[in-house]
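Data first, discussion second: the structure below is written as structure tokens.
What follows draws every value from the coordinates through simple rules; no lab data is involved. Please read all numbers here as calculations on a predicted model, not as lab measurements. Don't worry about glycine lacking a Cβ; one is built from the backbone with ideal geometry, like all the others, and counts go over all protein chains shown.
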Amino acid sequence: MRHILTARCRELGGVVKGLVQVRGDLKAPQLLADLTASNVRWQAMSVNRVSIKGNVTSSDQIQGTLAVKVQQLKQDALDISDITLDAKGNEKQHQLNLNISGKPVGGHLAVNGSFDRKTQQWKGNISNTLFNTPVGDWRLTRPIALTYFNTEQRVTVGPHCWQNPNADVCVPTTLDAGTSGQASIVLNRFDLAMLKPFLTDDTQLAGQFSGKANVAWKAQGDCRRRVCHWWVKALRYSSWCRVTLCRLPLIRST
């Protein structure tokens, strides 16, 4: 199979070739895929090559393998040389590994989980994380526990911290995210020098601050606002001051 993308959409270009097969019967179907896309273009984004290989079966439970590799993804200042995604397992036990190499960002993470059809819940965690950014490396101090409630369309995210040599960003309590919920975010020892890559040469910042933000949202109800307060401490001064930086409106479901 060979398909030219520009024939379908003027802003999308490239060539896709490969094979997709469906085997088995309705009770236990099997899907096999081996696809390759080259010279893919979408507006300002270009990708030299994409390969997708998969083998998925569905009987008592869904199981299989999936491998995705993206090479030379470019858009403006973004230059990613390689993206690899590998997933394998079944509903009761599955793993996903993601690796990204490029500039200005790169990194890796792993996701492990299991799905229970009876309770319609997925439970898992994110671990083995490291991301390289213009402001330094970020990594988790411990795995993030996740639970997804399919019936309620709701997810909970366990307490965790992202650590950088010059800052810590933490979610100190379990985040319950659905049509309504709330979250707390704590920022510790944020060094303003981290902002240097985003400033002009004639702009200088010096200091360090810590803060906390509380955010809440509802699907229905009045449009009350939550105030976001930050406590700022400059390196040049030993005193603390409380500053109101923003007012966050409730996020309404559409």
### Partner lysines for K212 [C-alpha distance under 22 Å; skip if fewer than 8 residues away on the same chain]
K233
### Query
For the residue pair A67 and L130, what label-to-label distance in nm results when each label sits 7 Å from Cα along the Cα-to-beta-carbon direction?
2.3
### Message
Using a Förster radius of 51 Å, what is the FRET efficiency between F149 and D202 based on their Cβ-Cβ separation? Nearest 0.05, please.
### Response
0.50
### Long-range lysine pairs (8 or more apart or interchain), the stretch 32-134, Cα under 27 Å
15
